[in-house]
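I have placed the structure first, in the form of C-alpha cells, so that the comments after it can refer back to it.
The values are calculated or read from the model by the stated rules, or taken from the named source; none is laboratory data. None of the values given here were measured: they were computed from a predicted structure. So basically every Cβ, Gly included, is an ideal-geometry build from the backbone, and we count neighbours across all protein chains shown.
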Amino acid sequence: MRLRFAIRISKVAPALAKTQGEKAMSDPAGLISANSENFNVSLYGNKLPMNVICFEWGDTRMGSGMESFGVGMKDNRIASYFAPVTDPSLVTDHPDWPYKGIHSGALLAAKDQRLPFSTINESFKTVTSRRFFTYSEVLHLKAEAALRGWAGAGDAKTNYENGVRALFADWGAGGVDAYLADATSKPINYVDPLEPKNNFTSRSDITVAWNDADSNERKLEKIITQKWFNNFTNSLEAWTDHRRTGYPKLPYNTKNDSSADWGVIAADDF
C-alpha cells in the first residue's frame, strides 16, 4: 500500500513519493511476490456488484475502450473477462474476436438494443472474492518506479513483462509470449453496429512489445495500460491512475451532458 500511495503522488510531490516508494521497496517485510499472495477481498456470501448490475439488472455491458484495446492488441485475457456475442452481425469489423462493447456516453435509442452486446464472463456469477491488490500490480508499480529512477525498483522492462505474465497466469489466459513480443497490433477504432454516431478513432497507437528506444512517457503509457487490464474488478484504482496520467487513452464520451450547474467538462476531457 505504501508503494501504491507513493506512485499516486509521484507527480505532485516527487521527492516525497521517491522517499516513501524506496522505503516500501526496501522494507524487510517485502512486497507481494507471487499470485498466491494476492490480496483478495471476501464478498462474505454476497454477489459481486457488477454481476448483479450485468445479469440481473441488464444495466452494464463490456466497454468500448476494452474492446478497442483488448481486441486490437489481441489480448487473450478478454475471454476471461467477458462473454462473446452470439450475433455475428455485431462484430463484422473483427469476426475472429467476437466481443462487442458499448461506448461510454453513447447516443442510445433504447437500453434494450445493447443487451446482446458482451456481458461479463459467466464465471463472475460464482466468485466469492474480489481482487484488490495483486502481484501484477506490484510489478507495474515497480516498472513505473524504475522509470522514475527510484532505488530498489529494478528494471522497468523486466517488471513490465513479468507483470503481464503474472496477470495472464492469474486469469488462466494463454499466449503471453506472443502477446509480449507483438510490436504490430494496436488498439482498433470502435464501430457501433447500431448507431454510427458513437464510432470513434482510437486515441492510442501503442503496441504491447517493450521498446527501449521509446520515450519514458510512451513507456509509461504501456505500463499503465497493462495496469488498467490488471485492475479489472478494481475500478477505483484504474480511475486513480487515469486521473493522474491520462492513460490508457480512452475515448471521450459521444454525449456530454456536463453543464454550468455541475461544472463544465470539455468534450475532450473526463
Could you tell me which residue of region 81-122 is nearest to Leu48 (Cα to Cα), considering only residues that are modelled with pLDDT of 95 or more and in a helix (DSSP H, G or I)?
Glu122
Which of the residues that make up region 245-260 are more than 27 Å from Pro196 (Cβ to Cβ) and either among the acidic types (Asp, Glu) or modelled with pLDDT under 95 (or both)?
Ala260
From the option list Gly263, Gly174, Gly154, single residue qualifying as farther than 20 Å from Ile7 by Cα, outside any helix (DSSP H, G or I) and modelled with pLDDT of 95 or more is Gly174
Of the conditions (1) without any contact (Cβ under 8 Å) to a residue 40 or more places away in the chain; (2) out of contact with any Lys or Arg (no Cβ under 8 Å at 6 or more places or on another chain), the single one that Val85 does not satisfy is (2)
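Per-residue answers, yes or no, for (1) in contact with a strand residue (DSSP E or B) (Cβ under 8 Å, 6 or more places away or on another chain); (2) exposed (fewer than 14 other Cβ atoms within 10 Å of the Cβ); (3) on the phi > 0 side of the Ramachandran plot:
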| site | (1), (2), (3) |
| --- | --- |
| Asp96 | no, yes, no |
| Ala106 | no, no, no |
| Ser123 | no, yes, no |
| Lys142 | no, no, no |
| Gly149 | no, yes, yes |
Go through the residues of region 195-217 one by one and say whether even a single one is in contact with a helix residue (DSSP H, G or I) (Cβ under 6 Å, 6 or more places away or on another chain), surrounded by 20 or more Cβ atoms within 10 Å (Cβ to Cβ) and among the aliphatic types (A, V, I, L, M).
yes
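Take the residues in region 54-68 that are in contact with a strand residue (DSSP E or B) (Cβ under 9 Å, 6 or more places away or on another chain) and either part of a helix (DSSP H, G or I) or on the phi > 0 side of the Ramachandran plot (or both), then tell me which one is surrounded by the fewest Cβ atoms within 10 Å (Cβ to Cβ).
Here the residue is Phe55.
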Yes or no: region 208-216 includes at least one residue that is in contact (Cβ under 8 Å) with a residue 60 or more places away in the chain, part of a loop (DSSP other than H, G, I, E, B), within 13 Å of the chain's Cα centre (by Cα) and under 29 Å from Arg131 (Cβ atoms).
no
